[in-house]
Each structure stands twice: as structure tokens, then as C-alpha cells.
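Worksheet for the structure shown next.
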Amino acid sequence: MELRGKTVLLTGASGGIGQAIALQLAAAGARLVLVARNTARLATLQAELVAKHPADHQIFSADLTNAQERQDLLAFVRDLQGIDLLINNAGISQFGLVAQQDYATQLSTNLLMPMLLTQTLLPELQRKSAAMIVNVGSAFGSIGYPGFTGYSASKFGLRGFTEALKRELSDSAVQVLYFAPRATDTSINSDAVVAMNRELGNQSDSPALVAAALVQQIQQNQARRFIGWPEQLFVRVNAVLPGIVDKALAAKLAVIRRYAQLSQP
Ligand SMILES: NC(=O)c1ccc[n+]([C@@H]2O[C@H](COP(=O)([O-])OP(=O)(O)OC[C@H]3O[C@@H](n4cnc5c(N)ncnc54)[C@H](OP(=O)(O)O)[C@@H]3O)[C@@H](O)[C@H]2O)c1
């Protein structure tokens, strides 16, 4: 998709990856509708966008798990004459053993919320001659990782939703893309996660690098994109020979468990 002049609704715009995506989309000539709960952060980002890449950038504060707030967002989008691109980027993550996990909140935010927002906004996208939906998953949406049972399940679900939706809309003008970063330097990762990644030698990317990959994926209409090496290889190996990844992660389990216990509230 050529981004110049397009209207992009970006969820999770107040977060680390979201802010970087917004800046790069605006630099490519898009008009942004920035969505998250934190109004102050959205307003600061809006001011930065308007100063650097002038356009009619908008903010909309909403808790997207709330049905009424999704309906209010739909009304806002209709007033804007629709959107060309929906990026479901908002998400949360919890690191901890099974007893520490809040599964309902993670599944509601990472899976149900983008599904319901897509359902709400799809008619607005279908009004356009060409439109796109991008769902931001994770490497853990293809590799179930110890200490992330809720997060992995939510991102596996999001990948399944994206694949089914892409195929359902394949004869329409709405493209559906799946984007999967690996660890990225944002505050979604607790100190325990950062320390664990360091000890295990897991690489972490900058939000700017991740945003650049996403913008390129959109411009190239690439259906699926996974960031990072060796994570891309592990995703493929896990799909065909999961026993190999079982063994590799079993060798790391003692370290993962130590940090997961550390992150207990
Ligand atoms: N960072 C990583 O290591 C990593 C790796 C792979 C994938 N990802 C994925 O990348 C995406 C962005 O993550 P990030 O690293 O940028 O995290 P982040 O900095 O914590 O940002 C998360 C964003 O989600 C928004 N959000 C959360 N719950 C929401 C709700 N109920 N309603 C509306 N907005 C909500 C937050 O905004 P408010 O708090 O203002 O509402 C914030 O803008 C997520 O989907 C994440 O799973 C991240």
C-alpha cells in the first residue's frame, strides 16, 4: 500500500512500538488516528507528528476492551470519512508461572479486543477501493514460551484469527497482514524479562527498527513478517519439528523459572 494521503488508525499508539510506528507512517505521508487510553501521551505524540510531518493527525482515547468505547471510535471514524488502514498494535504481556497469570485480561486485550475492533471497523474499510488490516503478533505467537503461557496463547490466537480473516477476505479489496516482532526495548517487558533475555542471550530490537520493518511490510503488501534471526528459523523449526524446540527450551527452563519467580507481585 502506498501510504501517502492514507488515513491509518493505530491502536497502542502511546506505547513504545506504537509511537515509533506513528512517526514513520507520518513521515511516509499518512494521516494518523492515534488510539490508546493514555490521553496525555497521545497528545504529546500528536504534537510531535504535527510539528515534524504536518497533517490532520487525530487522537482518540479509549479502552478498547469496552464495547461502548469501540462504538464511540466507530462514530469518530465515520466522521473522518473512514480509514484505509487499521493496525491492531495494542497489547499487554505478563511474565510468570501458571499460578501468577491473569489469563482473562491477557486474552481479552490481546485477542478478543483486536477481533472485536476489526469486526466493528471492517465495514468502514470495505467502503474503500483498497484497504488493509495489520495485526501485530509476536514470535511467541508461533513458539509457546515458558513463563508466557497467557501471552503465547493470546498471540497464537491472534495469528489464527489473522490467517482465517485473510483467507475470508482474499477475494475482496481488504488485505490482511500479520507482523511478528521478537523482544523489543519497550516497557511491556518487565525488569525480570529484560534480565532473563540478557542472561539467555536473547536479542532485543529497538522500536525504530521494528517500526521500519512494519512500514516496509505495508508498502510491499507482504502477508506475514517475522523479525529477527534466529527467531525466524525457530518459528519454522517449531512448526515442523517442535521436539527440537522442546529440548532447546528445556535446557533454558531453570533460568526462565528463576526469573519468572522473581517477577511475582
Ligand atoms: N516489546 C516487545 O518485546 C514485543 C515483542 C513482540 C510483540 N510485541 C507486541 O507489540 C505490540 C506493542 O507493544 P509495545 O512493546 O509497544 O508495548 P507497550 O509499550 O506496553 O505499549 C502497549 C500499548 O497498548 C495500549 N493498550 C494496552 N491495553 C489497552 C486497552 N485496553 N485499550 C487501549 N489500548 C491499550 C497501551 O496504551 P495505554 O496504556 O495508553 O492504553 C500502549 O499504547 C503489542 O501487541 C505487543 O504484544 C511487543
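The values are calculated or read from the model by the stated rules, or taken from the named source; none is laboratory data. Quantities reported herein were computed from a predicted structural model and do not represent experimental measurements. A quick note on method: Cβ atoms are made from the backbone with ideal geometry, for glycine too, and the neighbour counts reach across all protein chains shown. Calculation scope for accessible area: heavy atoms of the full protein, side chains included, ligands and nucleic acids excluded. Shrake-Rupley method; radii C 1.70, N 1.55, O 1.52, S 1.80 Å.
Per residue, how much accessible area does the range 70-200 have with a 1.4 Å probe, in Å²?
Accessible area per residue, the range 70-200: 41 Å².
How big is the charge dipole of the range 1-153 about its Cα centre, in debye rounded to the nearest 20, if each Lys and Arg gets +1 on its Cβ and each Asp and Glu gets -1 on its Cβ?
260 debye
How big is D, in µm² s⁻¹, for the range 103-261 by Stokes-Einstein at 10 °C and 1.306 mPa s if Rh is the Kirkwood radius over C-alpha pairs?
Approximately 94 µm²/s, per Stokes-Einstein.
At 0.36 nm per residue, and after removing the present C-alpha to C-alpha distance, how many nm does the segment from Ile244 to Ser108 gain when stretched out fully?
45.8 nm
Give me the number: length gained by fully extending Ser187 to Ser204, i.e. 0.36 nm times residue separation minus the C-alpha to C-alpha distance, one decimal in nm.
Extra length from Ser187 to Ser204 when fully extended: 4.9 nm.
Enumerate the amide H contacts of Arg31 below 5 Å, restricted to partners 5 or more residues apart or on another chain; note that Pro and chain-start residues carry no placed amide H.
Amide H neighbours of Arg31: Gly5, Lys6, Thr7, Val8.
Local charge sum around Ala28 (other residues, Cβ-Cβ under 13 Å, Lys/Arg +1, Asp/Glu -1)?
For residues surrounding Ala28, the net value is +2.
Whole-Hz ³J(HN,Hα) for each residue in the range 250-258, computed from phi via Karplus 6.51 cos²θ - 1.76 cosθ + 1.60 with θ = phi - 60°, x for glycine and proline: what do you get?
Those phi angles translate into 4, 5, 9, 4, 4, 5, 4, 5, 4 Hz.
Gaussian network model of the chain, Cα springs within a sub-10 Å range: biggest mean-square fluctuation belongs to which of Ile87, Ile188, Ile133?
Ile188
For the range 68-81, take each phi angle, set θ = phi - 60°, evaluate the Karplus expression 6.51 cos²θ - 1.76 cosθ + 1.60, and give the result in whole Hz per residue in order, putting x for glycine and proline.
Whole-Hz 3J(HN,Hα) from phi for the range 68-81: 5, 5, 5, 5, 5, 5, 4, 4, 4, 5, 4, 5, 7, 6.
From the mean inverse distance of alpha carbon pairs (Kirkwood) and the Cα radius of gyration, derive Rg over Rh for the range 1-109.
1.02
Pull out the extension gain between Ser170 and Gln81, defined as 0.36 nm times the separation in residues minus the alpha carbon to alpha carbon distance; nm, one decimal.
So the chain would gain 29.6 nm between Ser170 and Gln81.
With unit charges on the beta carbons (Lys and Arg positive, Asp and Glu negative) and the dipole taken about the Cα centre of the chain, which residue among Leu73, Ala260, Ile143 sits farthest to the positive side?
It is Ile143.
With point charges of +1 on the Cβ of Lys and Arg and -1 on the Cβ of Asp and Glu, referenced to the Cα centre of the range 7-262, which listed residue (Ile87, Met113, Val193) lies farthest in the positive direction of the dipole?
Ranked along the dipole, the leading option is Val193.
Quick one: check the C-alpha center-to-center distance for the range 103-162 versus the range 214-256, whole angstrom.
17 Å
Alpha carbons only, please: Rg and Dmax for the chain, in angstrom.
Taking only Cα atoms of the chain, I get Rg and Dmax of 18.2, 54 Å.
Given the -39500 (n - 2.57) contribution per DSSP H run of 4+ residues, what per-residue ellipticity at 222 nm results for the chain, rounded to the nearest 500 deg cm²/dmol?
-15500 deg cm²/dmol
For Asp205, what is the net charge nearby, where nearby means another residue's Cβ is under 11 Å from its Cβ and Lys, Arg count +1, Asp, Glu -1?
-1
Once phi is turned into ³J(HN,Hα) by the Karplus curve 6.51 cos²θ - 1.76 cosθ + 1.60 with θ = phi - 60°, what whole-Hz value does each residue of the range 98-113 show in order, with x for glycine and proline?
Here the 3J(HN,Hα) series is 3, 5, 8, 7, 9, 5, 4, 5, 5, 5, 5, 7, 8, 10, 5, 4 Hz.
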